[in-house]
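Written out below as structure tokens is the structure these notes cover.
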Amino acid sequence: MKAEVEMACRFVTRMLRGSGKLSEKQIESFHKKMKEILCARYKHHWHPQNPLLGSGFRCIRINHSLDPVIAEAAQASGLLNRDLTLPEELTVWIDPKSVAFRIGENGSICDIDESMVSQENTSKPSKDALNSRNQERRKRSSMNLLNCTKDVVSFPVSSCIPC
């Protein structure tokens, strides 16, 4: 659970870092608080033997308003909601052995991996690399509940607006 929560937190904080509005200290404080909140929240809702069980509970959702988890992490780290520049529509699913996101209601669902959240690698993964990883993952999936047939894209800057 901790690895998946860490991956999701790094994904969100990388978006915040990209806005340039927050100091590194503020971002690290937010990251720490978000991780603490998610670990406590998921403690009894983590089912490695059945990863889809509780998936909705573990979903972070921004739909023109901040998800309560993100708002709580912001408040706990001394930030105002308006300080956070995140997409106005963002969904992050945090499941056992899988962290994925979607930007926009009609966006493609993309797996988050180390290259997407690494601070050393600040370039975006190529569209081909994301497509290849996601296609392979869908092939391995025994239950393809989500029909992902659109091209996969990463962090469209134009869709990032202050919350």
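The values are calculated or read from the model by the stated rules, or taken from the named source; none is laboratory data. Bear in mind the structure is a predicted one, so any value in this text is a computation, not a measurement. All accessible areas refer to the heavy atoms of the entire protein, side chains included, with ligands and DNA or RNA removed. Shrake-Rupley method; radii C 1.70, N 1.55, O 1.52, S 1.80 Å.
A few points about this structure:
- Stretch gain in nm, segment N106-K21, where the contour uses 0.36 nm per residue and the Cα spacing is subtracted: 27.8 nm
- Largest-first principal axis extents, alpha carbons of the range 20-85, Å: 40, 24, 17
- For V99, residues with placed amide H under 5 Å, excluding near neighbours: I112
- Largest first, the residues L52, L90 sort by 1.4 Å accessible area into L52, L90.
- Straightening the chain between E36 and E88 buys 16.3 nm, computed as 0.36 nm per residue apart minus the Cα-Cα spacing.
- Integer Hz, Karplus 6.51/-1.76/1.60 couplings in order for the range 98-106, x for Gly and Pro: 7, 10, 9, 9, 9, 9, x, 5, 10
- From phi via Karplus (6.51, -1.76, 1.60), per-residue ³J(HN,Hα) for the range 56-61 in Hz, x at Gly/Pro: x, 5, 8, 7, 9, 10
- Solvent exposure of E28, expressed as accessible area, is near 80 Å², computed with a probe of 1.4 Å over the protein chains only.
- The range 52-102 - Debye-derived log10 I(q)/I(0), Cα point model, q = 0.17, 0.22 Å⁻¹: -0.55, -0.83
- Only protein heavy atoms count here; under a 1.4 Å probe, D113 has an accessible surface of about 40 Å².
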